[in-house]
Amino acid sequence: MQLDFNTKTVLVTGAAQGIGRAIATAFAASGATVVVTDIDNEGLAQTAGQLDVTSHALDLSDRSAVHTFVNSLQYTPDIVVHAAGGTR
């Protein structure tokens with residue numbers, strides 16, 4: 001089954017590798033406008049380069065940075081996928 005996301009904007013956190021990158025890849029392949037975030041600048045750059053999507057380095061554990069990022073958005077995402085995770 002092929003889903004069409006041509007008119008959707010998708011924000012994916014944790015997109016520098018693994019599941020987050022796979023989710024971003026799938027949405028991009030389905031026609032969505034994809035925006036990716038992650039704390040891992042190097043991995044995020046790889047994802048953005050592979051998919052030709054917009055990226056923002058973001059530490060989700062920094063509440064102030066998250067508020068600043070959300071307030072800077074010029075759009076409201078249609079879909080938000082929170083794939084960031086790990087241990088500290």
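Please list, ordered by first then second residue, the pairs with beta carbon atoms under 8 Å, 6 or more apart or interchain, first in segment 67-88 and closer than 14 Å to residue 56 by Cα and among the charged types (D, E, K, R), second open to solvent by 100 Å² or more (accessible area, probe 1.4 Å) and at pLDDT below 95.
none
Any idea which residue in segment 1-23 is surrounded by the fewest Cβ atoms within 10 Å (Cβ to Cβ), counting only those that are among the small types (Gly, Ala, Ser) and within 11 Å of the chain's Cα centre (by Cα)? Spell out the reasoning first.
To start, the set of residues in segment 1-23 that are among the small types (Gly, Ala, Ser) comprises 14-16, 18, 20, 22.
Of the ones still in play, those that are also within 11 Å of the chain's Cα centre (by Cα) are 14-16, 20, 22.
On the way: 14: 26, 15: 32, 16: 25, 20: 25, 22: 13.
Among those residues, the one meeting the criterion is 22.
Can you tell me which residue within segment 33-44, out of those that are open to solvent by 20 Å² or more (accessible area, probe 1.4 Å) and polar (S, T, N, Q), is nearest to residue 55 (Cα to Cα)?
Filtering first and then ranking leaves 41.
Tally the residues that are assigned to a helix (DSSP H, G or I) and open to solvent by 90 Å² or more (accessible area, probe 1.4 Å), restricting the search to segment 69-88. Quick ask: steps written out before the conclusion?
So in segment 69-88, the residues assigned to a helix (DSSP H, G or I) come out as 69-72.
Applying the additional criterion that residues be open to solvent by 90 Å² or more (accessible area, probe 1.4 Å) yields 71.
Here the count works out to 1.
Can you tell me which residue among 64, 30 is of a type in the set (S, T, N, Q) and open to solvent by less than 50 Å² (accessible area, probe 1.4 Å)?
Values: 64 fails: open to solvent by less than 50 Å² (accessible area, probe 1.4 Å).
When all the criteria are applied, what remains is 30.
Yes/no matrix, rows are residues, columns are (1) touching a strand residue (DSSP E or B) at 6+ places or on another chain (Cβ under 8 Å); (2) small (Gly, Ala, Ser):
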residue: 3; (1), (2): no, no
residue: 15; (1), (2): yes, yes
residue: 19; (1), (2): no, no
residue: 23; (1), (2): yes, no
residue: 27; (1), (2): yes, no
residue: 41; (1), (2): yes, no
residue: 64; (1), (2): no, yes
residue: 72; (1), (2): no, yes
residue: 79; (1), (2): yes, no
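The values are calculated or read from the model by the stated rules, or taken from the named source; none is laboratory data. Everything quoted here is computed from the prediction, not taken from an experiment. Cβ atoms come from the backbone with ideal geometry, glycine included; neighbour counts cover every protein chain shown. Please note that ligands, DNA and RNA were not included when accessible areas were found on the heavy atoms of the full protein model with its side chains. Shrake-Rupley method; radii C 1.70, N 1.55, O 1.52, S 1.80 Å.
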